[in-house]
Amino acid sequence: MPEPIEDVTFHDEDWYAEELADRHFIGCTFHRVDLTEATSQGAVFDGCTFGDVQFNVSRHTDSAFTRCVFTRCNLFEAEFTGCKVVGSTFDRCDLRPLTVSGGDWSFVTLAGADLRGGRFTGVRMRETDLSGVDLTGATMTGVDLSDVQWRGTRLSGADLRGSDLTGLDPTAVQRAGAVIDMVQSVTLAQALGFDVRG
């Protein structure tokens, strides 16, 4: 495995379709770097800052983006499979349509993000900040959404089946047409104070 690259700033670089297999970056800054169609397998970005970075159509597998800050980045059709994104923040990023399969996105800040039509399946998102997020028509199936911040989240038409919705106050979100399963319906009824009996 290559030696970690620490505290380096990459500015206005063209990394189009770059293969970032097993690369390790610690505390680095990426500003206006083009990572369009780049792929990462087993790469690690720890405590890095991304500003105005293009991640369009990039593919990331079993990689880590922990405690990173993404500002005004473009993740159009980006895919994350089995990635660890714990503790990262996305600020004013273009995240549509984003695909996330498996992995751990706990303690991530996505407040106010536009995630309409996004796909999150089998991912852990404990204590993630989804306040004010637009998830209209999104798929969030089999997701651990325990202790998530939901205030003002738009869930209209979203598929939430099989996800952990404990802690979701149905009155605090826009929920028209959201799809849930029978177990979740009991959980939400109890959250509203109903005594559910057979």
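Put simply, the convex hull of the Cα atoms in the range 72-117 casts, on average, a shadow of 2.9 nm². For the pair Arg67 and Arg92, a Förster radius of 22 Å applied to the C-beta separation gives a FRET efficiency near 0.70, rounded to the nearest 0.05. Entry note, the range 1-118: relative contact order of 17 percent, from Cα contacts under 8 Å with a spacing of 6+ residues.
Could you work out how much longer the chain between Thr166 and Glu127 gets when fully extended? Use 0.36 nm per residue separation minus the Cα distance between them, nm to one decimal.
Stretched out fully, the Thr166 to Glu127 stretch lengthens by 12.9 nm.
Give the angle, between 0 and 90 degrees and rounded to the nearest 10, that separates the Cα long axis of helix 182-191 from the longest principal axis of the Cα atoms of the chain. Computed tilt is about 80 degrees.
Can you pull the Kirkwood radius for the range 1-94, inverse mean 1/r over Cα pairs, to one decimal in Å? After inverting the pairwise mean of 1/r, the radius is 12.7 Å. For the pair Val57 and Thr29, a Förster radius of 22 Å applied to the C-beta separation gives a FRET efficiency near 0.45, rounded to the nearest 0.05.
Would you work out if the chain is rounded, prolate or oblate? Take a ≥ b ≥ c from the square roots of the eigenvalues of the alpha-carbon gyration tensor; rounded if a/c is under 1.5, else prolate when a/b is larger than b/c, oblate otherwise. Write down the numbers at each step before the final one.
On the way: a/c = 2.42, a/b = 2.22, b/c = 1.09.
Taking the square roots of the gyration eigenvalues as a ≥ b ≥ c, the chain is prolate.
I want to make sure I understand the PRE zone here: with the label point 7 angstrom from the Cα of Val186 toward its beta carbon, which residues in the range 156-178 have backbone N atoms less than 16 Å away? Answer for this model: 162-167. In this structure, Phe76 and Glu19 have a Cβ-Cβ separation that, at R0 = 22 Å, corresponds to a calculated FRET efficiency of about 0.65.
Read-outs throughout are calculated quantities, based only on the coordinates presented, and are distinct from any laboratory measurement. Nothing here was measured: the structure is a model prediction, and the numbers come from that model. Methodologically, a virtual Cβ is constructed for each residue, glycine included, from the backbone with ideal geometry; neighbour enumeration extends over all protein chains shown.
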